1. Of the residues that sit in the stretch 51-70 and are outside any helix (DSSP H, G or I) and at negative phi, which one is nearest to the ligand (Cβ to nearest atom)?
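The values are calculated or read from the model by the stated rules, or taken from the named source; none is laboratory data. All of these numbers come straight from a predicted model, not from anything done at the bench. Here the Cβ is made from the backbone with ideal geometry for all residues, glycine too, and neighbour counts use every protein chain on show.
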Amino acid sequence: MASGWARDGAVQDQIDASVDDAVKRARSCLPQGNSLTHCEECETAIPEARRKVIPGVRLCVNCQTNLDEQQANRSGYNRRGSKDSQLR
Ligand SMILES: [Zn+2]
C-alpha cells in the first residue's frame, strides 16, 4: 500500500505532462468547433468539399496558405515561392 508515494507522484506528473502535450498538439493541428461556411479572415465562402476534408476549418484556402506560410517562416522553415504553383 505504502509502496513509494514519491514514485506515484512522478508517474502522475508524467501523465499530466503528456496529456498537456497532446492537448496542445491537438489544438495546434485541429481547429476547434464546427467548420465555418465563410472564412474567418476575409469572409470568402469556403467550399463544402474543403469543409469536409478539414473538420473545423475556419479559413479559406488563401488565408490558410498565408497562415501556414507565417507559421513555416516562424519555425525557420521557408518554403515560399511554391505556393502558387501548388494551388493552381
Ligand atoms: Zn480568407
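1. Selected residue: Cys60.
Listed here are the residues, each with its yes/no results for (1) modelled with pLDDT of 85 or more; (2) part of a helix (DSSP H, G or I).
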position: Gly9; (1), (2): no, yes
position: Ser18; (1), (2): no, yes
position: Glu41; (1), (2): yes, no
position: Ala49; (1), (2): yes, yes
position: Ala72; (1), (2): yes, yes
position: Arg80; (1), (2): no, no
